[in-house]
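The next block holds one structure in the form of C-alpha cells; read it before the comments.
The values are calculated or read from the model by the stated rules, or taken from the named source; none is laboratory data. Bear in mind the structure is a predicted one, so any value in this text is a computation, not a measurement. Positions of Cβ are generated from backbone atoms using ideal geometry, with glycine treated the same way; all protein chains shown enter the neighbour counts.
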Amino acid sequence: MEGCIFCKIVRGEIPCFKILEDDRVLSFADVNPLNTGHTLIIPKRHAENIWEIDGEDLAAIHRASLKIAKAMKTSLNPDGIAFLQLNGRAVNQIVMHYHLHLIPRKSSDPKLTMTEWELVPGDMNAIRKTAGAIAKAIK
C-alpha cells in the first residue's frame with residue numbers, strides 16, 4: 001500500500017533495524033520501544049488487521065515469533081515476553097498494517113498498559129545493538 005509506513009519499510013524506502021526476514025515476513029526493532037528488545041513482526045504483503053491477513057502470512061508471523069522469542073531468551077534473558085497485537089483504531093492500532101509486538105519484560109518492570117502508551121523515541125545506538133544481539137541469536 002502506497003502510504004503505509006510498514007510497506008515502505010518492506011520496500012526499503014525507510015530503514016529499519018532488521019532482526020529476521022524471510023519470503024513472507026519482516027521483523028525489526030521498534031524505534032519507540034516500551035522495553036529493551038521491543039520487536040515488531042509484520043507480513044510483507046499488506047493486510048490492515050486480523051480480518052484481512054492471509055492465513056499463511058499469519059502462520060509465518062507466528063513461526064517467526066517463536067524463533068525471535070527464543071533468541072530474546074538467549075540474548076536478553078527476560079522473565080517473560082508480552083505478545084501484543086491490536087486490530088482497529090478502537091484499541092489504538094496506530095499503523096494500519098498488521099503487526100505483532102514482542103515485548104521482553106522483567107518482573108520488576110512497571111505494569112504494561114495493553115492498548116495505549118506514549119511514543120518515546122529510543123536511543124538508536126542502543127536499539128541497533130539490541131536488534132543485532134537478537135538477530136544473531138536466531139537459530
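I'd like the full set of residues that are of a type in the set (S, T, N, Q) and farther than 21 Å from Cys4 by Cβ, limited to the stretch 85-109. Break it down stepwise before answering.
Filtering the stretch 85-109 down to residues of a type in the set (S, T, N, Q) leaves 85, 87, 92-93, 107-108.
Within the stretch 85-109, Ser107, Ser108 qualify.
Residue by residue, here is whether (1) at pLDDT 95 or above; (2) small (Gly, Ala, Ser); (3) touching a strand residue (DSSP E or B) at 6+ places or on another chain (Cβ under 8 Å) holds:
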position: Asn32; (1), (2), (3): yes, no, no
position: His46; (1), (2), (3): yes, no, no
position: Ile81; (1), (2), (3): yes, no, yes
position: Met114; (1), (2), (3): no, no, yes
position: Trp117; (1), (2), (3): no, no, no
Kindly list the number of the only condition in (1) within 19 Å of Leu26 (Cα to Cα); (2) touching a strand residue (DSSP E or B) at 6+ places or on another chain (Cβ under 8 Å) that fails for Ala137. (2)
